[in-house]
Amino acid sequence: MKNFVEIYDKIKSAVPEHHFEFKDDPFWILITTILSQRTKDATTDAAARNLYNKYHDCYGLAGAKPEDVKEIIRYVGFSNVKSKRIIEVARLIMDKYNGSVPGKYDELTKIPGVGSKTANIVLTQGFKIPAIAVDTHVFRISNRIGLVHEKTPEKTEEALKKVIPEKYQIEFNPVFVEFGKSICRPVNPKCNICPVNKCCDYYSNVYLKKINEKIK
């Protein structure tokens with residue numbers, strides 16, 4: 001079994017701190033995460049900040065017109081669907097939860113558009129509750145390195161729970177996201193400068209073989 005703490009520490013020291021547009025605000029973290037699906041971080045953050053500046057909280061967003069919200073988030077992927085969805089979410093938070101986002105996984109995943117990843121982001125970043133949020137970066141990197149060997153995000157999440165101590169779980173996703181954006185990229189990962197290449201399955205089994213083939 002690979003040493004998670006050693007791998008995590010090396011990765012964390014090699015990447016910048018992840019930027020969260022909203023900290024310790026479960027509602028806006030929830031809205032931002034819903035908007036982030038298939039959208040770049042900078043675009044997501046700008047849209048969420050503009051929504052916040054206009055509507056301030058779930059009560060303001062719940063009363064918004066879909067066409068107004070769509071205009072504000074127009075550069076976000078699937079803006080037409082998301083504009084209606086986040087208003088629906090705001091109304092649900094207002095009506096069912098008295099304006100406060102629930103801090104439990106089972107309740108969060110009852111909210112329309114909230115799957116496991118989004119729920120776990122809200123728990124870790126909004127409530128500082130240990131959880132494993134598996135997005136595309138975490139899924140790719142965890143299996144590339146060989147921390148786990150799974151075929152789906154769901155199974156990867158379950159496997160990582162057995163590997164990652166709770167005290168690392170809150171910051172695990174942000175650290176791996178930055179690593180995935182800067183070094184362990186989806187295409188052409190920078191294996192030559194990777195701080196954990198010596199203990200990475202992909203480096204040993206794929207990258208070095210490609211290098212050797214080129215030399216031949």
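General remarks:
- Selection of segment 181-199 for residues being open to solvent by 80 Å² or more (accessible area, probe 1.4 Å), more than 17 Å from Glu17 (Cα to Cα) and either part of a helix (DSSP H, G or I) or in contact with a helix residue (DSSP H, G or I) (Cβ under 6 Å, 6 or more places away or on another chain) (or both) yields Asn192, Ile193, Lys198.
- Of the set (1) of a type outside the set (A, V, I, L, M, F, W, C); (2) open to solvent by 80 Å² or more (accessible area, probe 1.4 Å); (3) outside any helix (DSSP H, G or I), all apply to Asp95 but (3).
- Restricting attention to segment 43-83, the residues that are in a helix (DSSP H, G or I), open to solvent by 40 Å² or more (accessible area, probe 1.4 Å), closer than 19 Å to Pro26 by Cα and free of Cβ contacts under 8 Å to residues at least 24 places away in the same chain add up to 3.
- Any hit, segment 101-123, residues being touching a Lys or Arg at 6+ places or on another chain (Cβ under 6 Å) and either open to solvent by 20 Å² or more (accessible area, probe 1.4 Å) or farther than 30 Å from Asn197 by Cβ (or both): yes
- Subset of segment 200-216 (residues that are touching a residue at least 40 places away in the same chain (Cβ under 8 Å) and assigned to a helix (DSSP H, G or I)): Asp201, Tyr202
- Any chance Lys190 is within 18 Å of the chain's Cα centre (by Cα) and among the charged types (D, E, K, R): no
- Segment 137-180: number of residues that are open to solvent by 40 Å² or more (accessible area, probe 1.4 Å) and either modelled with pLDDT under 95 or polar (S, T, N, Q) (or both): 1
- Boolean, Ile86 is within 20 Å of Lys2 (Cα to Cα), touching a Leu at 6+ places or on another chain (Cβ under 8 Å) and crowded, with 21+ Cβ neighbours inside 10 Å: no
- Residue count, segment 1-20 (criterion: surrounded by 18 or more Cβ atoms within 10 Å (Cβ to Cβ) and in a loop (DSSP other than H, G, I, E, B)): 1
- Only residues that are in a helix (DSSP H, G or I) and either touching a helix residue (DSSP H, G or I) at 6+ places or on another chain (Cβ under 6 Å) or acidic (Asp, Glu) (or both) were counted across segment 108-141, and they come to 12.
The values are calculated or read from the model by the stated rules, or taken from the named source; none is laboratory data. All of these numbers come straight from a predicted model, not from anything done at the bench. Every residue, glycine among them, receives a Cβ derived from its backbone with ideal geometry; neighbour counts consider all protein chains shown. Just the protein is used for accessible areas: all its heavy atoms, side chains included, with ligands, DNA and RNA removed. Shrake-Rupley method; radii C 1.70, N 1.55, O 1.52, S 1.80 Å.
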